[in-house]
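**Q** This is the structure I want to talk about, given as structure tokens.
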Amino acid sequence: MSKIQAIRGMNDILPAQTPVWQFLEEILQQVVQSYGYQELRFPVLEQTQLFRRSIGEVTDIVEKEMYTFEDRNGDSLSLRPEGTAGCVRAAEQHGMLYNQQQRLWYRGPMFRYERPQKGRYRQFHQFGVENFGMAGPDIDAELILMSARMWRALGLSEHVRLELNNIGQADDRHRYGEALTAWLTPHKDKLDADSQRRLDSNPLRILDSKDAGTQELLADAPVLSDYLNADSVEHFAALKSLLDELGVAYVENPRLVRGLDYYNNMVFEWITDSLGAQGTVCAGGRYDSLVAQLGGRSTPATGFAIGLERLVLMLEAMERTPEALQRSADVYIINRPEQQLRALHLAEQLREALPYLRVLCHCGGGKSASQMKKAYNSGARVALMLQEDGQLRLRMLAGEGEEQLASDSDVVARLGSLPGLSGVA
Ligand code: ATP
Ligand code: MG
């Protein structure tokens, strides 16, 4: 019988890879908590309408990337392709938005039907933050500071750069889109196929086309900055001056438009050159009309999402995961069949007294030499051997040294006194 394989673009994350994930997730969580953010969890399935109304009908995500199906009731449901829509839906539904300020974070799998390649998958994971009820550039600056702190905490600062743009309000973009379409239409044959298709549906997306011919043509095209309203210009200038004062380096990229319709005013991306074409590791911006667009009362909002797979690829390449996290155990208990009970009991005592220790009690019998081999393979620093005569021996696996211990309480005291034994303390 043929074996069933995972769906293309949906990855298993194996025990050899989970340490880097845990390291990454823990650091990101620590950083957002240090800014007072609270976790919100929401479903991976939502009504399709939620994404159509927020992300936008003519975006790539809604047009061709969503996993959409009818459930047994005939309702159209979609797997979430991103987190903002669900986060806003949940916060609004539970009355968290009106007349309040919120700083929220979430983490989890997202689903998009894309062509799988390095850094681009059909199930991928985002760590995102959203905040509500704050209209000024101060929260935008704080958001960007927080993302910069994440890269510092992960040791990646030197490998990412910040790009910023002001995309104004929907009206501004609409007027600019018309001007851009009018200007590009006579040159339509020089555009790449995707851009030709977008000429009428979503002309702004042409700006971030990767095609060299299209980019050359755009050099003389009208620019969005000439179409922006005064409030957006002022907000963006204030944000930039805050970033300057706070020492956050950025480049302004007038071609940066996001692939989701709900953004307005400031948008940003953190980009790396170390991942090839899939270089954006974090993307976000302000989205002041989304809450109202989804039926709530108008509430200012900003947020960003990080693509975790892309950060994992960077961390792996740089071998940034703490060595101790890559081991599964600190202490390995070797025992004989007649001492199974004592071994299980000793392991429980150790976990009780030294809960930070990872204690692996050998199960399944076997010769002591083969158990010792498993002890080494587990990465444990210490092997405890229960011997025939009931004696307990402790062997240091990382270096030299073996000693006899008289009682279980001696073991607890001895292990408690060994510095740096645990990778998770
Ligand atoms: P891209 O231009 O790379 O397609 P996007 O604009 O579609 O990105 P967003 O919707 O802003 O991406 O999602 C935020 C982040 O999530 C991206 O910057 C990226 O790091 C990550 N991401 C998006 N799509 C995928 C995917 N299919 N696989 C892995 N990571 C992804
Ligand atoms: Mg995309």
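A short reminder: the numbers here are calculations on the coordinates, not readings from a lab. Every value quoted in this text rests on a predicted model; they were computed, and no experiment measured them. Ideal geometry is used to build each Cβ from the backbone, glycine not excepted, and the neighbour counts take in all protein chains shown.
**Q** Please tell me which of these pairs span more than 31 angstrom C-alpha to C-alpha: K64/K188; K64/K118; K3/K118; K3/K210?
**A** Working: K64/K188 23 Å; K64/K118 20 Å; K3/K118 25 Å; K3/K210 39 Å.
Where the Cα-Cα span goes over 31 Å, the pairs concerned are K3/K210.
**Q** If I model a spin label at R72 and D211 as a point 7 Å from the Cα along the Cα→Cβ vector, what separation in nanometres do I get?
**A** Once both label points are built, they end up 4.7 nm from each other.
**Q** Can you compute the helix-only [θ] at 222 nm over the chain? Use -39500 (n - 2.57) per DSSP H run of at least 4 residues, normalise by all residues, nearest 500 deg cm²/dmol.
**A** Values: 13 runs with 150 residues, N = 425.
Rounded to the nearest 500, it is -11000 deg cm²/dmol.
**Q** Continuing with the same structure: Lys/Arg Cβ at +1, Asp/Glu Cβ at -1, dipole of the chain taken about the Cα centre: which of V382, C361, L154 is farthest positive-ward?
**A** Checked the options; the winner is C361.
**Q** Right, something else. For H125, enumerate residues with amide H under 5 Å from its amide H, sequence gap 5+ or separate chain, H modeled in the peptide plane.
**A** Those lying under 5 Å, H to H, from H125 are M110, L308, E309.
**Q** Distance between the C-alpha centers of segment 76-91 and segment 386-407? Whole Å please.
**A** 55 Å
**Q** In degrees from 0 to 90, rounded to the nearest 10, what is the angle of the helix 368-378 Cα long axis to the longest principal axis of the chain?
**A** Helix 368-378 sits at roughly 20 degrees to that axis.
**Q** Might you report the magnitude of the Cβ-based charge dipole of the chain about its Cα centre, with Lys and Arg at +1 and Asp and Glu at -1, to the nearest 20 debye?
**A** Working: 46 positive and 57 negative charges, 271 e Å.
Taking the Cα centre of the chain as origin, the dipole is about 1300 debye.
**Q** Then there's this: For the chain, set up a Gaussian network in which alpha carbons nearer than 10 Å are linked by springs, and say which option among Y37, Y356, Y250 fluctuates the most.
**A** Of the options given, Y356 has the highest mean-square fluctuation.
**Q** What is the magnitude of the charge dipole of segment 328-416 about its Cα centre, with +1 placed on the Cβ of each Lys and Arg, -1 on the Cβ of each Asp and Glu, and no other charges, expressed in debye to the nearest 20? Please report the intermediate quantities before stating the final value.
**A** Details: 11 positive and 11 negative charges, 77 e Å.
The calculation lands at about 360 debye.
**Q** Long-range amide H contacts for N264: which residues qualify at under 5 Å (H placed 1.01 Å from N, peptide plane, sequence gap of 5 or more or a different chain)?
**A** Distant-sequence amide H within range of N264: R286, Y287, D288.
**Q** When you count, for each residue, the other Cβ atoms within 10 Å and take the mean per peptide, how do 203-209, 261-267 rank with the highest first?
**A** Values: 203-209: 20.9, 261-267: 24.3.
Listed from highest to lowest mean packing, they are 261-267, 203-209.
**Q** Any idea what angle helix 84-93 forms with the longest principal axis of the chain, computed on alpha-carbon atoms, 0 to 90 degrees, nearest 10?
**A** Once rounded, one gets 90 degrees.
**Q** Moving to a separate point now. Would you mind computing, in nm to one decimal, how far apart the modelled labels at A6 and T18 are, each placed 7 Å from Cα along Cα→Cβ?
**A** Modelled inter-label distance: 1.3 nm.
**Q** A follow-up question, please. For segment 219-270 and segment 345-376, compute the distance between their C-alpha centroids and round to whole Å.
**A** 57 Å
**Q** Identify the trypsin sites (Lys or Arg not before Pro) of segment 1-95 meeting these criteria: DSSP loop state and at most 16 other C-beta atoms within 10 Å of the C-beta.
**A** Those satisfying the criteria are K3, R8, R41, R72.
**Q** Name the most mobile residue of H94, H125, H174, meaning the one with the largest mean-square fluctuation, in a Gaussian network model of the chain with Cα contacts below 10 Å.
**A** Comparing H94, H125, H174 in the GNM, the peak value goes to H94.
**Q** All other residues with a Cβ under 11 Å from the Cβ of W21 taken together, and with Lys, Arg as +1 and Asp, Glu as -1, what is their net charge?
**A** Around W21, the charge tally is -3.
**Q** Above 36 angstrom, tally the Cα pairs of the chain and express them as a % of all pairs, no decimals.
**A** Details: 36968 of 90100 pairs.
Above the 36 Å cut-off, the chain has 41 percent of its Cα pairs.
**Q** Sort 56-62, 360-366, 296-302 by the packing proxy (mean of other Cβ within 10 Å over each peptide's residues), most packed first.
**A** Numbers: 56-62: 17.9, 360-366: 15.0, 296-302: 19.6.
In decreasing order of mean packing, 56-62, 360-366, 296-302 become 296-302, 56-62, 360-366.
**Q** Please give me, ordered by residue number, the GluC sites (Glu not before Pro) of segment 313-348 that lie in loop per DSSP and have at most 12 other Cβ atoms within 10 Å. Intermediate values should be presented prior to the final figure.
**A** On the way: sites: E316, E319, E323, E338, E348; in loops: E319.
The qualifying sites are E319.
**Q** Which of these, G276, G86, G401, has the largest mean-square fluctuation under a Gaussian network model of the chain (Cα springs below 10 Å)?
**A** Evaluated over the chain, the most mobile residue of the options is G401.
**Q** Would you mind checking the tilt of helix 340-353 against the longest principal axis of the Cα atoms of the chain, expressed as 0 to 90 degrees and rounded to 10?
**A** 50 degrees
**Q** Now a separate question. With an 8 Å Cα cut-off and a minimum separation of 6 or more residues, compute the relative contact order for the chain in percent. Show your work: numbers first, answer last.
**A** Numbers: 702 pairs, mean separation 64.6, N = 425.
Relative contact order comes out at 15 percent.
**Q** What Kirkwood hydrodynamic radius do you get for segment 96-205 when you take the inverse of the mean 1/r over all pairs of distinct Cα atoms, in Å? Before the final figure, lay out each step's value.
**A** Working: mean 1/r = 0.0552 Å⁻¹.
One over the average 1/r among Cα pairs gives 18.1 Å for segment 96-205.
**Q** Something else about it: Bins of 5 Å, beginning at zero and ending with the bin holding the largest distance: percent of Cα pairs per bin for segment 334-425, please.
**A** 2, 13, 26, 29, 21, 7, 1
**Q** Work from the charge dipole of the chain (Cβ charges, +1 for Lys and Arg, -1 for Asp and Glu, about the Cα centre) and give the residue of Q349, T185, A212 farthest towards its positive end.
**A** Farthest towards the positive pole: Q349.
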